[in-house]
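Trainee: For reference, the structure I am asking about is given below.
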Amino acid sequence: MNKVITLDNPPVNALSFKYSEKILKEIEDAENDPSVTSVTVTGANGFFSAGVDVNDFQKDWDPSGTTVRDIIETIERSDKVFVAAIDGVALGGALELALACDRRVATPRSKLGLPEIKLGLIPGAGGTQRLPRLIPPQEALQMMLKGETVSAERALELGLIDEVIPDVMVSVSNHPEHVILSSASSVRESKGEGPLKKRRVSEMRVQLPATAQAFALPYIIAEAHKSVPPEENGGLAAHKLIDAVQAAFELPFPRGLAREYRLFDELVASAPSLALRHLFFAERELSKIPGLPPAEPLEIKTAGVVGGGTMGTGIAITFANAGIPVTIVEPNADQIGKSRQTIFGMFMHQVKRGRLTQEEAWKRGQSIAFSEDYAALADCDLVIEAVFENMAVKKEVFGKLDPLVKPGAILASNTSTLDIDEMAAITKRPEQFLGLHFFAPANIMKLLEIVRGKATSAQTLATAFKLAKKLRKVAVLSANAFGFIGNRMFFEYTREAVALAEEGVPPARIDVAMKKFGMAMGPFATFDLSGIDVFWHVAQGRPDLELARTPILDRLYEQERLGQKTGKGFYKYAEGSREAIRDKEIEQLFAELAKKAGVKQNPDVSDEEIASRIIGALIMSGEEILRDGVALRPGDIDIVWIYGYGFPPYRGGPMFYSQEALAHA
Ligand code: 3HC
Ligand code: NAI
């Protein structure tokens with residue numbers, strides 16, 4: 001008889017210590033029951049399982065308790081045939097459980113992966129030893145290094161599963177007497193093979209390609225180490241992963257497994273993993289808003305965008321990518337032409353890269369319409385304004401939109417710095433008004449700040465969070481305050497970078513130090529990318545801002561050194577190139593300004609001092625934002641800086657970083 005064991009621990013069937021005990025017991029019962037000849041492991045709630053419960057690592061990870069490792073070791077010892085029947089997501093420890101079974105089948109919608117690296121870990125329940133034995137070893141290494149999932153179809157190609165089945169339950173109930181492999185077993189029976197036999201992955205040999213005989217192995221391993229960041233810059237888990245896979249290549253299974261366990265247990269306590277796990281939970285907290293009454297989100301079926309400039313165009317592409325038809329209203333015919341070209345170019349690029357089929361690209365392109373007339377937006381469920389950053393212009397836009405757009409629809413502004421309530425006040429629907437602050441380029445950057453006005457309703461907020469998920473954005477709630485969360489902190493961060501430059505540290509050196517700290521880009525390179533005019537305009541409106549007090553912005557603006565777009569900013573750029581070239585003129589300009597202002601010169605600071613001053617300014621600003629109630633939680637700020645400004649994830653975000661630094665001081 002076949003026994004079905006169902007992983008059923010809502011919401012995602014995570015294998016916590018406690019739940020693992022229950023499953024272990026069921027497996028032991030099956031093992032001890034002589035009438036059971038085979039076991040099918042499957043999952044409930046639309047998932048196979050998301051793997052080990054990440055909460056268990058937060059407490060003291062104690063591998064001596066019952067873990068998925070014990071379940072796997074019991075399966076490994078058993079003489080009965082185990083089949084994993086996967087329907088939905090099978091991740092981490094759960095896929096490792098499936099790897100310990102004798103067969104694996106999955107429905108077409110299933111996704112399989114070992115994402116531990118994203119938590120600063122490696123697979124720690126045999127995954128690093130079994131996967132390279134089951135599928136081509138270099139594919140296995142890449143799959144674990146990237147931590148990405150594969151579809152059932154790809155899993156079949158790789159040999160990770162034996163069969164794609166249409167429906168787990170049908171297969172289970174139709175074949176209570178033997179293993180659920182409906183068609184596979186009938187194939188075998190027709191071939192006269194009889195019932196399925198044991199096939200332990202641990203007993204398979206790693207199949208290195210013919211070109212990679214033993215002598216080529218050190219080369220493969222060395223190349224892999226070279227392909228990932230250094231240990232101290234976010235690469236710790238990647239290097240350990242390569243070590244574990246090397247063990248799979250070189251050692252007998254039990255010794256390789258022991259090495260994997262040891263490496264995994266070390267990583268659980270490592271700083272990068274703590275930081276990445278903090279971000280995992282912070283991301284899942286984002287939509288939990290204390291005190292907000294529950295509300296049913298509205299469905300956004302069609303959207304409108306006012307202004308087809310840089311942001312409006314990017315926002316429209318984002319909607320098209322999510323399958324939501326969108327109309328752009330733009331009064332300037334030339335700009336419509338430019339926007340169309342940007343959209344066309346972007347989709348063509350995706351086709352060239354093999355990320356989209358021609359047909360899909362065409363379909364998405366067709367779902368973006370243009371009009372010069374606001375009336376085209378009358379039936380939209382949501383309209384986002386992305387016109388010039390000027391309150392009078394924005395008010396005029398909302399004054400026209402409000403009476404035209406159907407009642408109940410949501411109006412939003414993409415403003416970077418202006419007051420949401422002032423805009424909402426000129427409409428008759430302040431409850432359905434909010435800020436949706438996308439980051440440039442809007443179709444690429446994952447961050448979305450949702451700005452809550454004083455009248456924004458619970459339903460409007462719930463709709464925005466649901467929409468963000470559909471748009472594949474990470475949404476963070478901000479109060480309606482100057483610069484919201486990200487830009488307000490960014491102004492302090494760049495202000496400190498400018499202060500260092502005024503003290504005689506070359507901007508190019510400051511950028512190098514910040515990249516060494518782990519930032520995706522240095523502050524001066526960011527200035528040049530965004531455009532110095534953008535900051536200058538902000539400074540005009542906010543003379544109280546520290547950054548506005550520095551004369552450097554005025555001087556650069558006067559000289560039309562606006563950054564990449566004019567070929568000169570804090571760096572020089574060759575015609576048509578984005579490569580930043582150090583510019584002595586800027587260093588001289590800073591020296592002149594410093595002399596005039598009597599700023600003491602102190603150019604001999606270390607890279608660490610540079611980073612600690614700039615990050616220190618960032619953290620102070622984050623604390624102020626928390627005190628002012630602009631951000632709900634420190635973790636929200638961390639997410640803004642990871643997804644919006646390229647803060648290194650392995651440091652957990654500025655607020656987590658400061659807390660850790662304090663704890664170890
Ligand atoms: N442990 C604990 N909780 C988990 C979890 C996990 N592995 N995976 C998801 N959850 C929780 C979330 O925190 C969330 O809880 P909440 O409702 O209280 O906020 C809930 O499940 C739903 O998660 P999402 O909001 O993310 O739902 P989605 O449907 O968007 O995504 C998912 C589901 C694809 C499973 C996604 O949550 C995910 O990728 N989870 C992480 C999986 C993972 O990293 N697994 C590896 C664990 S480490 C491991 O197995 C070690 C082993 O090698 C020894
Ligand atoms: P942009 O100058 O590229 O585009 C603005 C567009 O709005 C122009 O095409 C203009 O013709 C159009 N427009 C002006 N008045 C209009 C009206 N009355 N009706 C319809 N269209 C009108 O500006 P960009 O950069 O796209 O910025 C738009 C908004 O997004 C601003 O509020 C800006 O602060 C904000 N933002 C900009 C970011 C950036 O990095 N560029 C990032 C995040 C937000």
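The values are calculated or read from the model by the stated rules, or taken from the named source; none is laboratory data. Because the structure is predicted, anything quoted here is derived from the model rather than measured. Glycine gets a Cβ as well: all are built from the backbone with ideal geometry, and neighbour counts include every protein chain shown. To get the accessible areas, we keep the full protein, side chains included, count just its heavy atoms, and leave off ligands, DNA and RNA. Shrake-Rupley method; radii C 1.70, N 1.55, O 1.52, S 1.80 Å.
Trainee: Applying the selection to the stretch 364-383, what residues are touching a strand residue (DSSP E or B) at 6+ places or on another chain (Cβ under 8 Å) and over 13 Å from residue 303 (Cβ atoms)?
Mentor: Listed by number, the residues that qualify are 370, 371, 372, 373, 374.
Okay, residues lined up against (1) within 18 Å of residue 242 (Cβ to Cβ); (2) more than 10 Å from ligand 1 (Cβ to nearest atom); (3) in a loop (DSSP other than H, G, I, E, B):
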residue	(1), (2), (3)
257	yes, yes, no
264	yes, no, no
284	no, no, no
298	no, yes, yes
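Trainee: Looking at the stretch 69-97, which of its residues are closer than 18 Å to residue 140 by Cα, open to solvent by less than 10 Å² (accessible area, probe 1.4 Å) and either touching a Gly at 6+ places or on another chain (Cβ under 6 Å) or more than 12 Å from ligand 1 (Cβ to nearest atom) (or both)?
Mentor: 92, 93, 94, 96
Trainee: Please go through the stretch 501-522 and pick out each residue that is buried (at least 22 other Cβ atoms within 10 Å of the Cβ) and under 27 Å from residue 634 (Cα atoms).
Mentor: Result: 510, 511, 513, 514, 519, 522.
Trainee: Still on this structure, I have one more. Can you name the residue in the stretch 406-425 that is within 14 Å of ligand 2 (Cβ to nearest atom) and hydrophobic (A, V, I, L, M, F, W, C) and, of all such residues, is most open to solvent (accessible area, probe 1.4 Å)?
Mentor: 418
Trainee: Does the stretch 228-239 include one or more residues that are touching a residue at least 24 places away in the same chain (Cβ under 8 Å) and outside any helix (DSSP H, G or I)?
Mentor: Yes, the stretch 228-239 contains at least one residue that is touching a residue at least 24 places away in the same chain (Cβ under 8 Å) and outside any helix (DSSP H, G or I).
Trainee: Since residue 274 meets every condition but one in (1) within 30 Å of residue 650 (Cα to Cα); (2) in contact with a strand residue (DSSP E or B) (Cβ under 8 Å, 6 or more places away or on another chain); (3) not in a loop (DSSP other than H, G, I, E, B), which condition does it not meet?
Mentor: Of everything listed in (1) within 30 Å of residue 650 (Cα to Cα); (2) in contact with a strand residue (DSSP E or B) (Cβ under 8 Å, 6 or more places away or on another chain); (3) not in a loop (DSSP other than H, G, I, E, B), residue 274 misses just condition (2).
Trainee: Further question: Restricted to the stretch 475-516, and to residues that are β-branched (Val, Ile, Thr) and touching a strand residue (DSSP E or B) at 6+ places or on another chain (Cβ under 6 Å), which residue is farthest from residue 615 (Cα to Cα)?
Mentor: Top of the filtered list is 476.
Trainee: Residues 319, 344: which one is in a helix (DSSP H, G or I), free of Cβ contacts under 8 Å to residues at least 60 places away in the same chain and away from ligand 1 (no atom under 16 Å from the Cβ)?
Mentor: Going through 319, 344 in turn, just one is in a helix (DSSP H, G or I), free of Cβ contacts under 8 Å to residues at least 60 places away in the same chain and away from ligand 1 (no atom under 16 Å from the Cβ): 344.
Trainee: Moving to a separate point now. Cβ contacts < 8 Å: first residue farther than 22 Å from residue 245 by Cα, restricted to the stretch 144-166; second residue outside any loop (DSSP other than H, G, I, E, B) and of a type in the set (Ser, Thr, Tyr), any location; separation 6+ or different chain. Result?
Mentor: Sorted first by the residue in the stretch 144-166, then by its partner, the pairs are 163/183; 165/171; 165/182; 165/183.
Trainee: Which of the residues spanning the stretch 526-561 are touching a Gly at 6+ places or on another chain (Cβ under 9 Å) and surrounded by 21 or more Cβ atoms within 10 Å (Cβ to Cβ)?
Mentor: Answer for the stretch 526-561, where residues must be touching a Gly at 6+ places or on another chain (Cβ under 9 Å) and surrounded by 21 or more Cβ atoms within 10 Å (Cβ to Cβ): 526, 527, 528, 532, 556, 561.
Trainee: Residues that are without any contact (Cβ under 8 Å) to a residue 40 or more places away in the chain: list the strands (runs of 3 or more DSSP E) wholly contained in the stretch 383-499 that include at least 1 such residues.
Mentor: 410-413, 433-438, 447-452
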